[in-house]
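Please read the structure below before turning to the comments.
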Amino acid sequence: MSASSLNPESEAHSAGARAAAWAVHIFTASGAVVGLLALVAAAAGDFRTSALWMLLALAIDGVDGTMARKARVKEVVPGIDGRRLDDIIDYLNYVMVPIAFLWWVGAVDSWIVAAAPILASGYGFSQADAKTEDHFFVGFPSYWNVVAVYVWAFDIGVGVTAAMLLLLAAAVFVPLKYVYPSRMGGLFWTTNVGAGVWTGVVAAAIAWPAALDGFHLLEFSLIYPAWYVGLSLWTGGLAHRENRRAQTNG
């Protein structure tokens, strides 16, 4: 007689754990559907709705990693590579959707400028050491969706947008360490609660511009990106890829 038949509670728990793990994977995968909806809205010229879909995709990505670790998805569903699934959806939502959005909104009118973030982020996502052992991103972490929302919301011109995109595309190759919010140690709650507040503030400013215009929510929301960059420079610094590779090869 098997141990599971002697202890039906353990079998029920195992089934519950599998259900929870699959639910997390489905939740992560739903980000791709949200990305599609953002593309459809942008193609139709409904940029407000598209921006809101992009923010929803950002929110999903902000919490699914923590949920995956809580549900122990690697142990419970080992046949599914959650990190690969996350990277696929992130490349769609953090790179392809926002660059298409910027093109359709008219903020980018050069294929060279549009290609720069796409190619740079392809390199960034494919790096074996794109994330450090102490849980930082290496190089600008392809937050093109954040850039796209601000470019559209502030009606930034084509020339300034091009300069921003080219500068940040180059920053993908600069080995500065950027905070990985869901995996950081100190200031975890400050940073992640701040991210939630930021998402809500920007979403409200976009959803109800007339009613909330006097509150300058978009300008106020810039505090969080400034906090993120400042915290990254303070706690991160340079990532020494060459040293780590040498240690690995040695």
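The values are calculated or read from the model by the stated rules, or taken from the named source; none is laboratory data. Nothing here was measured: the structure is a model prediction, and the numbers come from that model. Neighbour counts run over all protein chains shown; Cβ positions are idealised from the backbone, glycine included.
Observations on the model:
- Looking across VAL160, VAL174, VAL179, one residue alone is over 24 Å from ALA107 (Cα atoms) and surrounded by fewer than 18 Cβ atoms within 10 Å (Cβ to Cβ). It is VAL174.
- Scanning the stretch 34-66 for residues that are more than 20 Å from TRP208 (Cβ to Cβ) and under 15 Å from the mean Cα position of the chain (by Cα) yields VAL34, GLY35, ALA57, ILE60, ASP61, GLY62, VAL63, ASP64, GLY65, THR66.
- Qualifying residue in the stretch 152-167 (condition: at negative phi, assigned to a helix (DSSP H, G or I), among the aromatic types (Phe, Trp, Tyr) and modelled with pLDDT of 95 or more): yes
- Put simply, of ILE99, ILE26, ILE60, ILE89 the only residue that is within 22 Å of LEU166 (Cβ to Cβ) and out of contact with any His (no Cβ under 6 Å at 6 or more places or on another chain) is ILE99.
- Residues of the stretch 31-46 that are assigned to a helix (DSSP H, G or I) and either of a type outside the set (A, V, I, L, M, F, W, C) or within 19 Å of SER221 (Cα to Cα) (or both): GLY31, GLY35.
- The one condition in (1) surrounded by fewer than 19 Cβ atoms within 10 Å (Cβ to Cβ); (2) in a helix (DSSP H, G or I); (3) at pLDDT 95 or above; (4) hydrophobic (A, V, I, L, M, F, W, C) that ALA148 fails to fulfil: (1)
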